[in-house]
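Visitor: What follows is a single structure, and I will ask about it in a moment.
The values are calculated or read from the model by the stated rules, or taken from the named source; none is laboratory data. Keep in mind that what you see is a predicted model, and the values were worked out from it rather than measured. As a convention, Cβ positions derive from the backbone with ideal geometry for all residues, glycine included, and neighbour counts pool all protein chains shown. Accessible surface is based on the protein model in full, side chains and every heavy atom, while ligands, DNA and RNA are left aside. Shrake-Rupley method; radii C 1.70, N 1.55, O 1.52, S 1.80 Å.
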Amino acid sequence: MITRLRRTSGFDLFSLTLAGILVALVCLPLVRVVVNMFYKDGRFTLEAIQRTLAIEDLGKMVLDTVVVVLASSVLAVVIGFLLAWANTRTDARFGLINEIFPYLPFLLPPIAGAVGWTMLLSPQAGLLNAWLRDILGLVGIPLESGPFDINSWYGLILVYTFYAVPYVYMNVSAAMQGLDASLEEASRLSGASAVKTLRRITLPALAPSIGAGFLLCTWFGFGMFSIAQIIGTPAGIDMIPVRIVKLLTFTYPPDEDLAIGLSAIVVVFVGLSYLVQYRILKNSRFGSIGGKATHHTVTALGVWRPVVRAGVLLYIGVSTVLPMFALFIVSLNGYWTPNIQWGSLSLDAFRVALFDDPKTQEAFGNSLTLGLVGGVIGILVAAVVSLYIAQHRSRATLGLDAAIKLPSAISNMVIAVGILLLLARPPFDLGGTWLILLLGYLALYLPQASIAADAAVATIGKELGEASGVAGARQWKTFLRVYLPLMIPGLVGGFALLFVRIIGDLTASAILSGTNNVVVGFRILEVFNGGSYATLAALSSVLVIVSALILVVVLWLSKRTGVARSH
């Protein structure tokens with residue numbers, strides 16, 4: 001018994017050490033910034049809180065932000081669940097290519113995606129609007145502008161939803177691959193309708209993954225700057241992330257007090273989402289994997305199969321093909337205009353953006369390396385820590401989990417400033433180095449990796465681990481031979497999440513990337529500020545192509561491990 005306790009405590013000690021490192025990595029930069037806010041000239045002060053509450057339009061700004069984030073998150077949950085169901089449980093699936101498409105809006109950098117939608121649906125110069133006006137004019141409906149306006153409530157919520165759907169799809173599809181369908185079959189054989197089976201069996205079993213997806217959607221929404229700035233600001237929709245970035249980057253000197261005060265408001269709302277997810281995870285046993293091999297019954301849709309396929313294709317076209325088409329056309333045309341010179345299209349923008357610019361080539365190399373290294377390290381560490389927390393639920397581990405996830409509720413810009421203050425100065429002197437970028441990205445996106453790992457852990461029951469322990473296997477061997485293989489489909493999705501977030505990061509890159517260690521996000525920011533839409537479109541298109549190639553490999557691995565696990 002003593003030997004077994006020692007073995008157990010060894011793995012637990014390792015897990016706790018990793019958890020401590022994560023907490024230090026994600027919390028110390030925040031502590032540094034918060035201390036600077038509450039303590040000035042050696043004395044305690046509440047001036048920052050008082051100034052935040054005194055903001056004249058604070059109520060409108062909070063309401064606008066909550067409406068956009070909640071509306072887009074709810075829509076993303078519905079769309080992501082339906083896409084996962086169509087791709088994993090019905091005969092309407094298109095194969096591996098179909099599994100890639102729901103992720104594509106997530107692969108397109110938000111700043112480029114927002115520009116793409118602006119190029120499509122700007123009231124006057126939008127490509128799609130101009131072509132629709134021409135068509136309507138042929139049937140006697142003349143329009144001077146429109147008919148759509150991306151700079152509106154529906155336009156902003158639409159784009160937010162497209163970027164939030166992959167968070168839900170990633171978690172729910174992985175859970176569906178590992179979920180034993182025997183209970184669903186038993187429910188149907190007992191005479192329950194498909195709707196009742198969905199409500200009483202499927203949804204409770206998938207609740208942890210759905211909750212994780214919703215929480216990731218809210219964190220994404222509260223931290224997104226570029227979409228809110230490009231689409232929301234012209235519409236008069238005032239979002240908290242935009243105000244935070246303006247306070248830190250467009251105010252001199254930077255007003256860190258108000259920026260962190262507004263971030264505290266975000267913490268409250270995201271904290272509520274976290275509590276909801278925690279309550280869901282407490283019931284995760286209903287969706288866990290047991291000791292028997294999983295199997296799935298593919299639902300034959302019959303006459304509805306073309307309808308479901310058409311719905312999936314419609315989503316793909318609207319969310320991905322249209323904005324990508326706009327970016328490619330503008331880059332090939334050389335400038336933004338609805339009057340495309342189809343006979344004069346060329347690859348000059350791609351050549352200028354990539355082959356004639358060594359700085360861009362270096363940026364791609366740095367970003368891909370950081371994405372691969374950061375993704376592997378981040379998801380494996382998150383898996384170990386999430387498994388420990390799931391097996392040792394208490395107030396202490398709940399606090400540990402909250403400390404790891406809390407920084408995701410803070411603006412990326414604020415965390416990046418804290419990292420810069422903490423690591424760029426003596427005694428570390430890491431400013432402008434590859435290491436500060438890696439640590440910065442891990443601090444920013446490890447909480448999201450932790451959510452993905454939580455969902456993967458929640459699908460695993462205790463029976464297999466207990467059986468391994470009874471057989472005399474050490475915890476290390478149980479983790480490597482039992483838990484990790486079962487978690488791989490969810491962890492692969494989490495790796496994809498980390499990879500694309502790191503290589504497409506914008507706000508943190510602007511602060512942590514030095515002139516001698518540039519990354520893609522920093523280059524996109526430079527091109528965007530320079531006003532060259534053709535170059536921006538070309539650079540973003542290449543980034544999506546490279547990310548898509550990596551994603552094909554990731555999803556192929558996820559599919560193979562999911563199939564192997566079900567036999």
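Visitor: Of the listed peptides 229-239, 441-451, what is their order by residue-averaged count of other C-beta atoms within 10 Å, with the highest listed first?
Guide: Going from most to least packed, we get 441-451, 229-239.
Visitor: So if each residue of separation counts as 0.36 nm, and I subtract the Cα-Cα distance between A24 and L372, what length gain in nm does that give?
Guide: Working it through step by step, the gained length comes to 123.0 nm.
Visitor: If you don't mind, another one. I'd like the FRET efficiency for W476 and T233, computed as 1/(1 + (r/R0)^6) with the beta carbon distance as r and R0 of 41 Å, rounded to 0.05.
Guide: Calculated transfer efficiency: 0.20.
Visitor: Could you pull out every residue, at least 5 positions away or on a different chain, whose amide H is within less than 5 Å of the one on T299? Hs are placed 1.01 Å off N in the peptide plane, and Pro or chain starts have none.
Guide: Those qualifying (amide H under 5 Å, at least 5 residues apart or on another chain) are T90, D91.
Visitor: What is the distance, in nm, between label points placed 7 Å from the Cα along the Cα-to-Cβ direction at T251 and at V552?
Guide: With each label point 7 Å from Cα toward Cβ, the separation is 4.7 nm.
Visitor: Now for a different question. Amide H neighbours of I460 under 5 Å, counting only residues 5+ apart in sequence or on other chains, H built in-plane at 1.01 Å?
Guide: When sequence neighbours closer than 5 places are left aside, the close amide H contacts are I289.
Visitor: Another question, then. Sort W342, W117 by accessible area with a 1.4 Å probe, largest first.
Guide: W342, W117
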